[in-house]
Amino acid sequence: IPEPTMLWSHKLRGFREGFAPGYDRERNSLDQDLGRFVLGKHDFDVKDQIVSAKTAFQTVDVYDLMNPRAKSMDSYQKSLSNDGSYESSHPEQFGLDRVLFLDGVIQSTLYGDAPYHESIVHPAMITHPNPKRVAIIGGGEGATLREVLKHNTVEEAVMIEIDEGVVELSKEHLPQWQDCSSIAHHEKAAEWCFDDERVNARFEDAMAYFIDNFSDDKEQEEAAYDIIIMDALDPNDDIEFAVELYTSDTYIQSLYNALTVDGILVVQVGEAPYPTSPADETGRFANRSTMKEKLEEVGFKSLHIYEEAHSGFMGPWSTLVAFRDTQTRENWYRNDAEIELQLQKRILRSKSGSSSLRYFDGATMNSYQLPSSAFETVHCRQEEAPRYCDKTEWIGKAVVDETNKTTAYNPVVERHIRDSLHSREYALHNIHGWKEVLLN
């Protein structure tokens, strides 16, 4: 007789927000993703708590989960046996998903590790012609750093993370996220990513670091970066620090100043919109809208947003890249063969000689080159919709920007110009404030 399986859930009782003085649901893990979508549901066959700890800054929870819509409990049990079945020979395909929560908000998953972290790192890194110095804002679990270290051009990777406790807990309970053993045989590399000689881990406030070292009215105390990756709080997080990360004029200016002339800024900007979503400026993602405006104001020549649907979150996740110059943006549109060749030259090989990448390749990069139709739709739902959102003006005639204003972010033209004009040419038109683009 099979051993019975118990399903359980945990529900919060009583009145809290608006009733309990000083109550902040953002600081209650059970009032966030962890409580609402995991512990509060009967949907998971397995919900094993691995650790729940408080650091100096936040609560860290790690759970092993089995979602029956994605995995089979029977197959999982077979994978633990030695019965010669396919499952027992390939246990990595049927195991539990380990999930990291910070203050109850999902941050990373075992099965979404490669899709998320490779998608936030490698598109910008492979677009830059020679990224030597890279900064990572946040990314305490270590996987973003792991992916950066796979590039043979990198001479220094500076990770600025305010919470050292997350790094230590991740080392113990999420070892795969910080595992650089596949490239440890290369010069300066190490089994544990943080032991790599190229790594400079700074446990401090990243916002203060950039403002102190790269404010426009101060002499730079640090060398500029080729790539800056902001893998921090989501733009829709309702806490003061998250708002500042996406809207502070001084901070965003300092990020621009901290980049080399051909530098690229990468920012994870939260869940991608649906075709039915309101404009970012009027919905939950107003901070995302504000950041795009401010990035253009400080001088970034071109902005682009792409999304990845396999990150293990509850929806597709989006990433913004901001280019300081025109030539680097042009590299964004290379075909998959060109990208594959660059990856062969750039990415450190594993000990077996195979690629150390598990998800990203040239074809995947091609899927990131244009924004989704949902981003186009949401962009055109602004209160004052841009004129080019009326596609009837595109038929058989030129599109003219009457204001002669540089349009750094334009998902409408970017998506449709491809039909008649090579994307590389579009990149240059878009960056310089296109005045006329002839459509066939």
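The values are calculated or read from the model by the stated rules, or taken from the named source; none is laboratory data. All figures in this text were calculated on a predicted structure; none of them were measured in a lab. No Cβ is skipped: glycine too gets one built from the backbone with ideal geometry, and neighbour counts run over all protein chains shown. Side chains included, ligands, DNA and RNA excluded: accessible areas come from the protein's heavy atoms. Shrake-Rupley method; radii C 1.70, N 1.55, O 1.52, S 1.80 Å.
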Which pairs have Cβ atoms under 6 Å, sit 6 or more apart or on different chains, and link a residue in the stretch 1-21 that is among the polar types (S, T, N, Q) to one that is open to solvent by 100 Å² or more (accessible area, probe 1.4 Å) and part of a loop (DSSP other than H, G, I, E, B)?
Ser9/His42
Open to solvent by 70 Å² or more (accessible area, probe 1.4 Å) and more than 22 Å from Gly104 (Cα to Cα): does that describe Glu187?
yes
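Report whether or not Ala427 is among the small types (Gly, Ala, Ser), at pLDDT below 80 and within 24 Å of the chain's Cα centre (by Cα). First the steps, then the outcome.
On the way: among the small types (Gly, Ala, Ser): yes; at pLDDT below 80: yes; within 24 Å of the chain's Cα centre (by Cα): yes.
So Ala427 fits the description; yes.
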Give just the number: which of (1) in contact with an Asp or Glu (Cβ under 8 Å, 6 or more places away or on another chain); (2) within 28 Å of Glu330 (Cα to Cα); (3) open to solvent by 10 Å² or more (accessible area, probe 1.4 Å); (4) aliphatic (A, V, I, L, M) does Ala309 not satisfy?
(1)
Of the listed residues (Asp212, Asp196, Asp205, Asp179), the one being touching a Cys at 6+ places or on another chain (Cβ under 9 Å), open to solvent by 20 Å² or more (accessible area, probe 1.4 Å), at negative phi and without any contact (Cβ under 8 Å) to a residue 60 or more places away in the chain is Asp179
So Phe19 ticks every box in (1) closer than 30 Å to Gly138 by Cα; (2) out of contact with any Phe, Trp or Tyr (no Cβ under 8 Å at 6 or more places or on another chain) but one. Which box is left unticked?
(1)
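Out of curiosity, is Leu303 touching a Lys or Arg at 6+ places or on another chain (Cβ under 9 Å), hydrophobic (A, V, I, L, M, F, W, C) and touching a residue at least 40 places away in the same chain (Cβ under 8 Å)?
yes
When the residues of the stretch 277-329 are filtered to those that are among the hydrophobic types (A, V, I, L, M, F, W, C) and more than 20 Å from the chain's Cα centre (by Cα), which remaining residue is nearest to Glu384 (Cα to Cα)? Talk me through it step by step, then tell me what you get.
Narrowing the stretch 277-329 to residues among the hydrophobic types (A, V, I, L, M, F, W, C): 279, 285-286, 291, 295, 298, 300, 303, 305, 309, 313-314, 317, 320-323.
Then keep just the ones that are more than 20 Å from the chain's Cα centre (by Cα); that gives 279, 298.
Details: Ala279: 11, Val298: 22 Å.
Of everything passing the filter in the stretch 277-329, Ala279 is nearest to Glu384 (Cα to Cα).
Could you list, in sequence order, the residues of the stretch 63-88 that are polar (S, T, N, Q) and either touching a Leu at 6+ places or on another chain (Cβ under 8 Å) or surrounded by 12 or more Cβ atoms within 10 Å (Cβ to Cβ) (or both)? Spell out the reasoning first.
Step one: of the stretch 63-88, the residues polar (S, T, N, Q) are 67, 72, 75, 77, 79, 81-82, 85, 88.
Selection gives Asn67, Ser72, Ser75, Gln77, Ser79, Ser85, Ser88.
Go through the stretch 159-168 and give me each residue that's in a loop (DSSP other than H, G, I, E, B) and either open to solvent by less than 30 Å² (accessible area, probe 1.4 Å) or more than 14 Å from Gly138 (Cα to Cα) (or both).
We begin by selecting, within the stretch 159-168, every residue in a loop (DSSP other than H, G, I, E, B); these are 161-163.
Those that are in a loop (DSSP other than H, G, I, E, B) and either open to solvent by less than 30 Å² (accessible area, probe 1.4 Å) or more than 14 Å from Gly138 (Cα to Cα) (or both): Glu161, Asp163.
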Would you mind telling me which numbered condition in (1) surrounded by fewer than 23 Cβ atoms within 10 Å (Cβ to Cβ); (2) on the phi < 0 side of the Ramachandran plot Gly138 fails?
(2)
Of the residues that sit in the stretch 312-338 and are open to solvent by less than 50 Å² (accessible area, probe 1.4 Å) and part of a helix (DSSP H, G or I), which one is farthest from Leu110 (Cα to Cα)?
Thr326
